[in-house]
Each structure stands twice: as structure tokens, then as C-alpha cells.
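In what follows, a single structure is set out as C-alpha cells and then discussed.
What follows is calculated from the coordinates using simple rules that are stated; it is not laboratory data. The structure presented is a predicted model; accordingly, all values stated were derived computationally and were not measured. Methodologically, a virtual Cβ is constructed for each residue, glycine included, from the backbone with ideal geometry; neighbour enumeration extends over all protein chains shown.
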């Protein structure tokens with residue numbers, strides 16, 4: 001009997017001290033980042049760095065697949081690829097949300113899936129960074145309302161800018177459901193290729209879907225006029241700046257201020273007027289269908 005109790009105690013201890021899969025994943029990810037940083041410091045060849053990065057990504061992808069299991073969302077593949085584009089801090093695509101991306105093609109709809117635990121850890125790492133402009137709230141509910149979340153979580157070389165939030169009906173079973181219309185950009189001004197982005201939190205799962213807006217977001221004349229006027233004003237300041245021998249700093253600042261204000265006014269106009277456009281019901285239906293499929297409806 002004593003031997004049986006000792007065996008049971010040993011088994012219980014092994015279970016108690018076994019690291020959870022998410023902890024194992026984080027440890028493996030951080031080690032890979034450290035190893036690649038060390039290779040960079042030693043001036044390793046690009047081919048060596050690329051090989052190490054690919055090897056580590058494959059390992060992390062396998063770990064995430066075991067944590068997440070197959071995706072079961074209509075029109076999306078069951079297996080995904082790692083969302084992290086690079087494990088080198090010096091590369092574009094470093095530090096994206098830990099998860100898997102599911103897509104049939106690069107241009108079509110995609111879903112990034114993760115767990116609530118991994119999302120919370122990722123947000124914590126963004127809450128107290130050195131760059132204040134990149135900080136995010138630790139609350140997932142609050143972070144999902146910010147453009148900066150999508151820029152850092154699922155983007156790599158451009159910023160996500162919201163046009164409007166859809167009045168989404170939360171699907172039954174979802175804890176959080178948020179749908180936005182917006183686009184990716186590296187500059188101010190209209191974004192004509194926009195995306196419908198839908199986030200569903202259901203239990204331990206966080207799913208972020210992105211699909212090209214269908215129909216395409218229309219141009220609204222009143223909003224286009226706002227941007228055209230702002231751009232013309234900014235261009236005049238820019239001409240003054242470029243034509244001055246001392247590079248008039250005030251003219252430079254005024255040009256940027258005009259562009260920034262025009263950009264904000266343009267988006268406010270789109271957010272106000274687009275819901276009354278004939279294309280809007282179809283855009284809303286696209287967002288709702290994505291949300292419903294993501295919870296299994």
C-alpha cells in the first residue's frame with residue numbers, strides 16, 4: 001500500500017510541476033528570439049539567420065497548433081501558419097500577436113486565432129514599452145477598440161486606420177464581438193482598398209478575421225472634397241518650405257498639420273455618411289456573416 005501511495009504522489013507531483021503548453025510556447029519563443037539576437041550580434045551570415053528563424057518558426061507553429069487545435073470556421077482551412085513574421089527584433093513583422101493565421105490565399109480573407117491567455121500576455125508586453133505611442137491597454141476589451149491593436153497584432157508594414165465601427169449583433173455564445181471597417185496605410189489620406197475586420201472572443205479563443213470589403217467602399221463626394229481641399233492647402237505650405245533657402249520649419253509644420261487635420265476630417269466624414277450609402281447594408285452583412293461563422297453559426 002505504501003508503494004502505491006508513493007507512486008500516486010510521484011505522478012501527482014509530475015503533473016503539478018509540468019509546465020502548461022502556453023508556458024512552454026512562451027519559453028521556446030523567447031529562447032528563439034534570444035538565440036537569433038546572439039547570432040546577429042556575432043555577425044552571422046544572412047542565410048544562417050534565415051535558416052534559424054525558419055526552424056524556430058516551424059517549432060513554434062507546431063506548438064501553437066497543439067494548443068489551438070484545428071480551426072472550424074466555414075470557408076477557412078482547418079490548419080494555419082504562424083502569425084509571427086520574424087523572430088528578429090531588427091526585422092519588420094517582429095512582435096506580432098502569438099497565434100496562427102488561417103487563409104486560402106494571401107489576398108483573400110484570413111483569420112488569426114490565439115488563446116485568451118496568450119493575448120493577455122501579449123498585451124501585457126505592450127503595456128509598458130519604451131515607445132509610448134506603441135503602448136496598449138492590458139484589457140483586451142479596451143485594446144480591441146484601438147487601431148494600434150490591429151496594427152501591431154495582425155499587421156507588419158503598415159498601420160490600420162478605422163473608417164467606422166459596424167453596429168454588429170453579437171452572435172449567441174460570443175463573449176465579445178467587434179467589427180470595424182478600415183484599411184492599411186503608410187500615409188495620410190483616403191484608403192480605397194478597405195477591409196472588414198471582425199474580432200470574436202468566445203471562451204478561451206480569440207479570433208480576428210480580415211476580409212476585403214465587398215462591395216468596395218464607395219467614394220463619397222463630400223468627403224473627397226474635404227480631403228482635396230486639405231491636400232491643396234498642405235501642398236502650398238510644402239511649396240513654401242521647399243522654396244525657402246533656410247527650409248522654413250513653420251511652413252513644414254503647417255503642411256503636416258493640414259494633412260493630419262484633413263485626414264481626420266475625411267475619416268469623420270466617411271464614418272458619418274457611409275451608413276447612409278446604398279453599399280452599406282452589404283458591408284454590414286459581410287461583417288455579420290463573418291462574426292456568425294466564427295462562432296459556428
Ratio for region 51-105, C-alpha Rg to 2.2 N^0.38 Å, reads 1.18
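Please report 196, 188, 161 as a ranked list, fewest other C-beta atoms within 10 angstrom at the top and most at the bottom. Walk me through the intermediate numbers first.
Details: 196 25, 188 21, 161 17.
Placing the least packed residue first, the sequence is 161, 188, 196.
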Arrange the following residues from fewest to most other Cβ atoms within 10 Å of their Cβ: 162, 261.
261, 162
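What do you get for Rg/Rh over region 92-164 if you use C-alpha atoms and the Kirkwood form of Rh? List each step's numbers first, then the result.
On the way: Rg = 12.4 Å, Rh = 13.0 Å.
Answer for region 92-164: 0.95.
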Given R₀ = 51 Å, what would the calculated FRET efficiency be for residue 289 paired with residue 62, taking r from the Cβ atoms and rounding to 0.05?
0.95
Can you compute the FRET efficiency between residue 78 and residue 232 using 1/(1 + (r/R0)^6), with r the Cβ-Cβ distance and R0 = 51 Å? Round to the nearest 0.05.
0.50
7 Å from Cα along Cα→Cβ at both residue 277 and residue 147: what's the point-to-point distance in nm?
1.7 nm
Rank the residues 233, 114 as a footprinting-exposure proxy: fewest other Cβ atoms within 10 Å of their Cβ go first.
233, 114
In Å, descending, principal axis extents of the Cα set of region 221-276:
49, 15, 8
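Given an 8 Å cut-off on Cα distances and at least 6 residues of separation, report the relative contact order of the chain as a percent.
In percent, rounded to a whole number, it is 13.
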Multiply the residue separation of residue 169 and residue 240 by 0.36 nm, subtract the distance between their alpha-carbon atoms, and state the gained length in nm to one decimal.
20.5 nm
Which value in nm describes the separation of the simple spin-label points at residue 133 and residue 50, placed 7 Å from the Cα toward the beta carbon?
3.1 nm
At 20 °C and 1.002 mPa s, what whole-number value in µm²/s does Stokes-Einstein give for the translational diffusion of region 45-143, with Rh from the Kirkwood sum over Cα pairs?
144 µm²/s
Beyond 33 Å, what share of the Cα-Cα pairs of the chain is found? Please give it as a whole percent.
37 percent
